[in-house]
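Chemist: Have a look at the structure that comes next, please.
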Amino acid sequence: ALQRHFFDNDVWPRQMRSVAVPTTDVYMDGNNLVVEAHLPKFEDKDVDILIEHGNLVVQAQRHEKEEDKDKKYVVRESSSSFYRSVQLPERADADSIEAHLDDGILKVTIPVTPAPEPKKISVKSHSKKK
């Protein structure tokens, strides 16, 4: 119970412990912010994508079990997890985010509204012409 209490009060979120850090790319593609994470062996049901406090949070967890069918006990049990948080730009359209997982690559596309062109103010003189 003491060990559990210690971990529950740990500074790091629970998802951060023993977390794999696969390759993650964050880049702009036109007016879209794209987050790509390499998640081999993960399936779409293993992945959760959330918007929290202006951040895009991607987390994934996978459990694997191998059993010896003759002896009826677990030979190998392992789990893998992934956690990544990316701050979204102010003009991100959170309602239009799309995510696809193909061949172990998760691609999250976040549309970003382009910044408006600065409005030019014409400067006029108050002096009278002679």
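Chemist: To the nearest 0.05, what FRET efficiency results for residue 122 and residue 91 with a Förster distance of 30 Å applied to their C-beta separation?
Modeler: So, using R0 = 30 Å, E works out to roughly 0.65.
Chemist: Given the protein chains as shown and a 1.4 Å probe, how many square angstrom of residue 35 are accessible, to the nearest 10?
Modeler: My reading of the accessible area for residue 35 is about 10 Å².
Chemist: Rank these by accessible area, largest first, 1.4 Å probe: 91, 84.
Modeler: Values: 91 110, 84 85 Å².
Result of the area sort, largest leading: 91, 84.
Chemist: To the nearest 10 square angstrom, what accessible area does residue 83 show with a 1.4 Å probe?
Modeler: 60
Chemist: Provide the solvent-accessible area of residue 51, counting protein heavy atoms only and rolling a 1.4 Å probe, rounded to the nearest 10 Å².
Modeler: Accessible surface of residue 51 is approximately 80 Å².
Chemist: At 7 Å along Cα-to-Cβ for each site, give me the label-to-label distance between residue 26 and residue 53 in nm.
Modeler: With each label point 7 Å from Cα toward Cβ, the separation is 1.5 nm.
Chemist: Sticking with this one: How would 127, 80 line up by accessible area, probe 1.4 Å, largest first?
Modeler: Greatest to least solvent exposure: 127, 80.
The values are calculated or read from the model by the stated rules, or taken from the named source; none is laboratory data. Note that the structure is predicted; figures quoted are calculated from it, not measured. Ideal geometry is used to build each Cβ from the backbone, glycine not excepted, and the neighbour counts take in all protein chains shown. Accessible surface areas use protein heavy atoms only, side chains included; no ligands, DNA or RNA. Shrake-Rupley method; radii C 1.70, N 1.55, O 1.52, S 1.80 Å.
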